[in-house]
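Undergrad: Would you mind keeping the following structure in view while I ask a few things?
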């Protein structure tokens, strides 16, 4: 399983990165499968540098804030209007109401919305499967329905936090993961709202308690110094630790 960071800026696209989008790739039964975890604002343009978006086999949205889903509107345009014709309908997983939200985002009627292009599926507590990827989701602490994802493939495990404040569910989901891709949007010592985001310190605590193999910090907004988040996390996690950056890749 290969993870490539397409976008990692927190809350909105920044000067050096689009908003959240992560490409997973793995070979299975003679095919190279490609799945996106989130497709936030600005990410679709950057995705072209890594693959033809028409090769995407599915999308898993952590939640319905624009920095995590908004560029699905552009993917819809590719599916509907590309001169080479429409690719096969692909699954798009998300929280309850995902199909209606995407229709509203593009100004479409609810019926059919984008359902002729995408097979919308709502998280319901069951395990999702796309090709070689098995995905378990768990609700996180955020103002809207938001889900972290545990992706298993060929005996390896990636956990993506999505957006969340501190909660035991993330630690439990991340237990023994080979890599934890974890948000760190807040800084220690600030007057941070509850149930919204993590600090680098808190991300490191999750990684240490879950005994993950490596920690990659992501979703840091442009107004913060990423090195501060890295320093905070290093104080609580002594394993391999990096900052996410567009184009960075990890093979599990």
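No lab work stands behind these numbers, since they all come straight from the coordinates. All values derive from a computational prediction rather than experimental measurement. Counting neighbours? That spans all protein chains shown, and the Cβs are built from the backbone with ideal geometry, glycine included.
Undergrad: Can you give me the relative contact order of the chain as a percent, contacts being Cα pairs under 8 Å and 6 or more apart?
TA: 18
Undergrad: Which ordering of 167, 8, 153 is given by a fewest-first count of other beta-carbon atoms within 10 Å?
TA: Ascending number of Cβ neighbours within 10 Å: 167, 153, 8.
Undergrad: Taking a label point 7 Å from the Cα of residue 81 along the Cα→Cβ vector, which residues of segment 53-73 have an amide N closer than 15 Å to it?
TA: Taking a point 7 Å out along Cα→Cβ of residue 81, the residues of segment 53-73 whose backbone N falls under 15 Å are 72-73.
Undergrad: Moving to a separate point now. Taking every DSSP beta bridge with both residues inside segment 62-191, roughly what % is antiparallel (nearest 5)?
TA: If we restrict to bridges inside segment 62-191, about 65 percent are antiparallel.
Undergrad: Which value, in Å to one decimal place, does the Kirkwood hydrodynamic radius take for the chain when every pair of different Cα atoms is included?
TA: 18.0
Undergrad: Working out 0.36 nm times the residue gap between residue 245 and residue 28, then minus their Cα-Cα distance, what length gain in nm do you get to one decimal?
TA: Taking residue 245 through residue 28 to full extension adds about 75.4 nm, to one decimal.
Undergrad: When you count, for each residue, the other Cβ atoms within 10 Å and take the mean per peptide, how do 42-52, 59-69, 10-20 rank with the highest first?
TA: Order by mean packing, descending: 59-69, 10-20, 42-52.
Undergrad: Restricting to segment 2-251, compute how many DSSP beta bridges are antiparallel as a %, nearest 5.
TA: So the antiparallel bridges amount to about 60 percent of the total.
Undergrad: Moving to a separate point now. Given the -39500 (n - 2.57) contribution per DSSP H run of 4+ residues, what per-residue ellipticity at 222 nm results for the chain, rounded to the nearest 500 deg cm²/dmol?
TA: It lands at -6000 deg cm²/dmol.
Undergrad: Return 106, 250 ranked ascending by Cβ neighbour count within 10 Å, so the fewest neighbours appear first.
TA: 106, 250
Undergrad: Starting from 0.36 nm per residue, how many nanometres of slack lie between residue 188 and residue 51 once their C-alpha separation is accounted for?
TA: 45.6 nm
Undergrad: Right, something else. Over segment 1-131, calculate the relative contact order: mean separation of alpha carbon pairs under 8 Å at least 6 apart, over the residue count, as a percent.
TA: 19
Undergrad: With the crude spin-label approximation of a point 7 Å out along Cα→Cβ, what separation in nm comes out for residue 129 versus residue 89?
TA: Each label point lies 7 Å from its Cα, and together they span 2.1 nm.
Undergrad: Please order 6, 127, 90 by the number of other Cβ within 10 Å, starting at the fewest.
TA: 127, 90, 6
Undergrad: With an 8 Å cut-off on Cα pairs and a minimum separation of 6 or more residues, tell me the relative contact order of segment 11-53 in percent.
TA: Once divided by the residue count of segment 11-53, the mean separation gives 36 percent.
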